[in-house]
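Chemist: Submitted below is the structure of interest, expressed as structure tokens.
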């Protein structure tokens with residue numbers, strides 16, 4: 001979730017924008033391919049038995065627009081709690097209210113952009129129970145099973161209390177306008193402080209589920225409930241499937257569920273959405289109801305990005321014919337208190353079985369855990385990571401092999417944290433999977449200094465082997481390798 005929106009939006013604005021949105025829906029609808037291509041999203045393919053396979057040889061790779069980077073926002077204005085679906089050849093993104101719309105909508109020709117904000121409002125109006133200006137964390141599900149309606153689940157604040165609840169709406173176009181169901185909210189457990197952050201999951205047999213977070217701060221947890229086939233009413237009692245762990249900041253929220261590697265993988269956020277400690281984590285289970293076992297470390301965090309992205313969270317998995325992407329928000333600006341501007345980011349997402357890996361997040365491989373060929377040994381070093389490094393590279397045939405995982409095929413930066421006290425430059429040759437080698441120069445260092453040397457390599461999606469060996473003399477020690 002995201003918590004509260006950046007600033008309130010008057011209900012009158014949303015109503016006034018509905019007429020404009022109807023026109024936008026028509027225009028964008030004409031842009032959607034009429035050739036019969038279906039809608040794609042993680043919701044529809046969530047029951048797959050494993051991760052998307054690598055593209056076959058000769059399959060066109062997705063072309064990223066100029067300037068795209070997995071660590072730069074694809075929408076640089078307020079677009080928090082994003083979710084994305086594909087309809088025909090067009091991608092549609094939906095976000096938390098941003099000061100101009102209760103549900104802003106953006107479109108793009110590819111997941112990485114360029115993204116263009118639509119005019120008007122994706123939500124026609126709010127239901128009678130909801131207060132204006134407090135609408136966020138949308139989840140849009142394409143038509144399924146012969147239904148022609150797009151479903152929207154959204155969070156809004158009740159008029160008669162400070163509780164937040166989950167509502168539902170439908171539309172005939174992915175651009176909206178989505179018309180909310182009349183009556184009460186779809187999910188609103190007042191005894192647990194209300195509900196926020198709805199996420200849809202559909203099994204391969206068509207069974208629908210809804211995940212959400214109960215909003216009482218002391219008992220905040222993620223729940224799962226089965227839905228009726230139309231996705232607009234509950235078919236069973238909710239079950240709590242995960243609560244905050246002792247090592248997690250403040251609370252857990254913003255669930256997103258997929259099935260990869262024969263397991264259920266639950267992505268979620270922890271921390272305050274308006275602070276740098278907001279982060280994406282994940283847990284894995286053998287069945288949809290759990291038990292879910294949490295990963296020890298965050299998948300995304302401010303620290304993990306080296307402060308390159310602040311507070312990465314509210315992650316959503318988008319699946320298309322080329323594989324998976326992670327869509328999430330990061331803090332672009334702090335305005336005091338809980339007021340922040342959060343933009344949308346998109347990064348390639350890979351899977352090692354049920355373990356996710358995100359393009360753009362640097363991954364460290366401790367050198368002492370590499371495959372050593374005998375002439376390079378692990379050495380105790382006081383200022384090294386974990387107190388251990390490897391070296392020295394005393395001969396030209398000294399070789400080290402490092403297994404590394406790449407979320408997607410492409411060019412990656414490989415850096416080595418090293419020390420070279422031999423008094424002259426040393427050179428390591430670097431190759432990936434036996435390809436042509438590139439040189440990694442290790443200039444001489446002094447005293448207890450550790451420096452970094454960097455080179456680029458081409459990696460395949462999945463596991464790769466980086467090989468390092470000395471060439472041309474000099475001796476060096478390596479603390480760790482980092483791939484980004």
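Every read-out reported here was derived from the displayed coordinates using simple, explicitly stated rules and does not represent laboratory data. Just so you know, these numbers come straight off a predicted model, no measurement behind them. Note that we place each Cβ from the backbone using ideal geometry, even for glycine, and neighbour counts take in every protein chain shown.
Chemist: Which order do the peptides 119-126, 215-222, 325-332, 279-286 come out in when sorted by mean C-beta neighbours inside 10 angstrom, highest first? Mind showing how you got there, number by number?
Modeler: Details: 119-126: 24.5, 215-222: 16.2, 325-332: 26.0, 279-286: 20.9.
Going by the mean number of other Cβ atoms within 10 Å, highest first, we get 325-332, 119-126, 279-286, 215-222.
Chemist: Could you list 160, 320, 256 in order of exposure, starting from the residue whose Cβ has the fewest other Cβ atoms within 10 Å?
Modeler: Exposure proxy ranking, most exposed first: 160, 320, 256.
Chemist: Taking square-rooted eigenvalues a ≥ b ≥ c of the alpha carbon gyration tensor, is segment 249-386 rounded, prolate or oblate, where a/c under 1.5 means rounded and, failing that, a/b exceeding b/c means prolate?
Modeler: oblate
Chemist: Would you mind calculating the relative contact order of the chain from Cα pairs under 8 angstrom and at least 6 residues apart, reporting the percent as a whole number?
Modeler: Details: 1395 pairs, mean separation 62.0, N = 484.
Over the chain, the number comes to 13 percent.
Chemist: Also, I was wondering about something else. Sorted by packing (mean other beta-carbon atoms within 10 Å per residue), highest first, where do 428-438, 245-255 land?
Modeler: The densest-packed peptide leads the list: 245-255, 428-438.
Chemist: Moving on. Apply the a/c threshold of 1.5 to the C-alpha gyration tensor of segment 115-155 and tell me whether it is rounded, prolate or oblate.
Modeler: Cα axes put segment 115-155 in the oblate bin.
Chemist: Given the rule -39500 (n - 2.57) for each run of at least 4 DSSP H residues, summed and divided by the residues of the chain, what is its mean residue ellipticity at 222 nm, to the nearest 500 deg cm²/dmol?
Modeler: The helix contribution divided over the chain gives -1500 deg cm²/dmol.
Chemist: A further question on this structure: What per residue convex hull volume, in Å³, comes out for segment 364-483 when only alpha-carbon positions are used?
Modeler: Convex hull volume per residue, Cα atoms: 85 Å³.
Chemist: For a protection proxy built on the mean count of beta-carbon atoms within 10 angstrom, sort 186-194, 85-93 highest first, please.
Modeler: Highest-to-lowest ranking by the protection proxy: 85-93, 186-194.
Chemist: With angles folded into 0 to 90 degrees, how steeply does helix 11-31 sit against the dominant principal axis of the chain? Use alpha carbons for both and round to 10.
Modeler: Approximately 70 degrees, to the nearest 10.
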